[in-house]
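Student: One structure, pasted below without further comment.
The values are calculated or read from the model by the stated rules, or taken from the named source; none is laboratory data. Source: prediction; values computed, not measured. A quick note on method: Cβ atoms are made from the backbone with ideal geometry, for glycine too, and the neighbour counts reach across all protein chains shown. In case anyone asks, the SASA skips ligands and DNA or RNA and just uses the protein heavy atoms, side chains included. Shrake-Rupley method; radii C 1.70, N 1.55, O 1.52, S 1.80 Å.
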Amino acid sequence: MELRHLIYFEAVVRHCGFTRAAEALHVAQPSVSAQIKQLERTLGVQLLIRTARSITLTPAGERLLHRTRRIMDELEAARQEMAAHAAALRGHVRIGATPIVGDLPLADLLARFRRTYPGVSLDLSSDLVDALLDRLAAAELDVVIGPLHAPDSRFITHTVADEHIVLITSTDDERSLTNVRQVAEEPFICLPQGSGLHDILMRCTAQEGFAPQILMATHSPHSIRDLVSTGMGVALVAESSTTAPGQPVKVHQLRHAPDHPPIAVFTAKSRTDPAVRALCDLIAGSGHAAGTELAVTR
């Protein structure tokens, strides 16, 4: 039994006759008849009862038709999957990533993606997450990777990595600090007001009963680290920013550290580009945050 036998058999049933099936298959009618007869001889059963004006399925034909249509559905699904895969081999994906992505190995993942899909070009830009999400909403980016500070109904999100808050001081600091209250009198360095890290600092210090003296608001987590390393002040930062290349700082694990939002992949609900889906699938598959289920945030 060959696949073409089943294709001809299903066409005859669907078109209620040999002539119409032949027209649909773009073959001669005798060829269709010959294929059905060969199929019946191979299986050793009669599949169709032929009359001058119609055909009727035998019980064996009914059972074979059911299985044939299941096979054809699988073939169509395979065709669509391969078509999507082929489409993903070409294209351009615009990625926005915050400087802080937890322990997600972003560079390695992008390199792996390029090896798998060499026909897809990538564009990577960096900014704070709110600015990147505004660009995603404006269709200026295809994917954003950064902290999920609050639900946003505009996007589909997938958490991919955890993140933690630590206190950093200069390496000259000989103390072992476990509470942010211990540095209440010292100047803080932070991101600008309106950023997630600034909100974390304000909530944490309010819970400890003091208002921080913010000496400087700077543009990126990496510049916070650079400034703290000079002894200008202290800072609350994401732990992953202390393990990246940069100026040395002393890291203090807080006994009651404030929560840092998980790192997530954001895409617009309306975007279905195969290349974008392929990249998101790769990143999501590498994730190991506590919750990684794809969900629309509301």
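Student: With an 8 Å Cα cut-off and a minimum separation of 6 or more residues, compute the relative contact order for the stretch 209-290 in percent.
Tutor: With pairs under 8 Å counted, the relative contact order is 20 percent.
Student: Test of understanding: in a Gaussian network model of the chain with alpha carbons linked when under 10 Å, which of Arg114, Arg225, Arg70 would top the mean-square fluctuation ranking?
Tutor: Fluctuation is largest for Arg70.
Student: Could you work out how much longer the chain between Glu185 and Asp73 gets when fully extended? Use 0.36 nm per residue separation minus the Cα distance between them, nm to one decimal.
Tutor: 33.4 nm
Student: Obtain the nm distance between the two label points defined at Ile49 and Met82 by a simple spin-label model: each point lies 7 Å from its Cα along the Cα-to-C-beta direction.
Tutor: That separation, rounded to one decimal, is 3.9 nm.
Student: Restricting to DSSP H runs of at least four residues, report the calculated mean residue ellipticity at 222 nm for the chain, -39500 (n - 2.57) per run over all residues, nearest 500 deg cm²/dmol.
Tutor: Rounded to the nearest 500, the figure is -13000 deg cm²/dmol.
Student: Provide the gained length on full extension for the span His26 to Thr230, in nm with one decimal, where the gain is 0.36 nm per separating residue minus the Cα-Cα distance.
Tutor: That works out to 65.6 nm of additional length.
Student: Just to be sure I understand: with springs between alpha-carbon atoms less than 10 Å apart, which residue in Thr205, Thr171, Thr56 has the highest mean-square fluctuation in the Gaussian network model of the chain?
Tutor: Thr56
Student: Apply 1/(1 + (r/R0)^6) to the Cβ-Cβ distance of Leu3 and Ala284, taking R0 = 45 Å, and write down the FRET efficiency to the nearest 0.05.
Tutor: 0.80
Student: For Gln207 and His164, what is the calculated FRET efficiency with R₀ set at 22 Å and r taken between the beta-carbons, to the nearest 0.05?
Tutor: Efficiency, rounded to the nearest 0.05: 0.80.
Student: A further question follows. As a test question: what accessible area, to the nearest 10 Å², does Arg67 have when a 1.4 Å probe is rolled over all protein chains in place?
Tutor: Its accessible surface works out to 150 Å², give or take rounding.
Student: Met202 accessible area, nearest 10 Å², 1.4 Å probe?
Tutor: Using a 1.4 Å probe on the heavy atoms, I get roughly 70 Å².
Student: Semi-axes of the equivalent ellipsoid for the stretch 1-160, please: Cα gyration tensor eigenvalues, times 5, square-rooted, ordered largest first, whole Å. Intermediate results must be reported in sequence, preceding the final value.
Tutor: Numbers: eigenvalues 613, 51, 42 Å².
Whole-Å semi-axes of the equivalent ellipsoid: 55, 16, 14.
Student: Kindly report, to the nearest 10 Å², the accessible surface of Asp73 as traced by a 1.4 Å probe over protein heavy atoms only.
Tutor: Taking all protein chains as shown, Asp73 has close to 110 Å².
Student: Can you sort Lys269, Lys250 by 1.4 Å-probe accessible area, starting with the largest?
Tutor: Sorted by accessible area, descending: Lys269, Lys250.
Student: Please give the length that would be gained between Lys37 and Arg112 if that part of the chain were fully extended, namely 0.36 nm times their separation in residues minus their C-alpha to C-alpha distance (nm, one decimal). Don't skip to the answer; put the middle values down first.
Tutor: Working: separation 75, 0.36 × 75 = 27.00 nm, distance 5.16 nm.
Full extension of this stretch gives 21.8 nm more.
Student: Among Ile224, Ile36, Ile145, whose mean-square fluctuation peaks in a Gaussian network model of the chain (Cα, cutoff 10 Å)?
Tutor: Among Ile224, Ile36, Ile145, the largest mean-square fluctuation in the Gaussian network model of the chain belongs to Ile36.
Student: What is the antiparallel percent of DSSP beta bridges lying wholly in the chain, to the nearest 5?
Tutor: Working: 23 of 38 bridges.
Percent antiparallel among DSSP bridges in the chain is about 60.
Student: Follow-up. Efficiency by 1/(1 + (r/R0)^6): what FRET value for Ser126 and Arg63, r their Cβ-Cβ distance, R0 = 51 Å, to the nearest 0.05?
Tutor: The pair Ser126/Arg63 has a calculated efficiency of 0.25.
Student: Still on this structure, please answer the following. So if I take the centroid of the Cα atoms in the stretch 128-198 and the same for the stretch 45-60, what is the distance between those two points in Å?
Tutor: 70
Student: Order Thr116, Thr169, most accessible first, counting only protein heavy atoms with a 1.4 angstrom probe.
Tutor: Output order, biggest surface exposure first: Thr116, Thr169.
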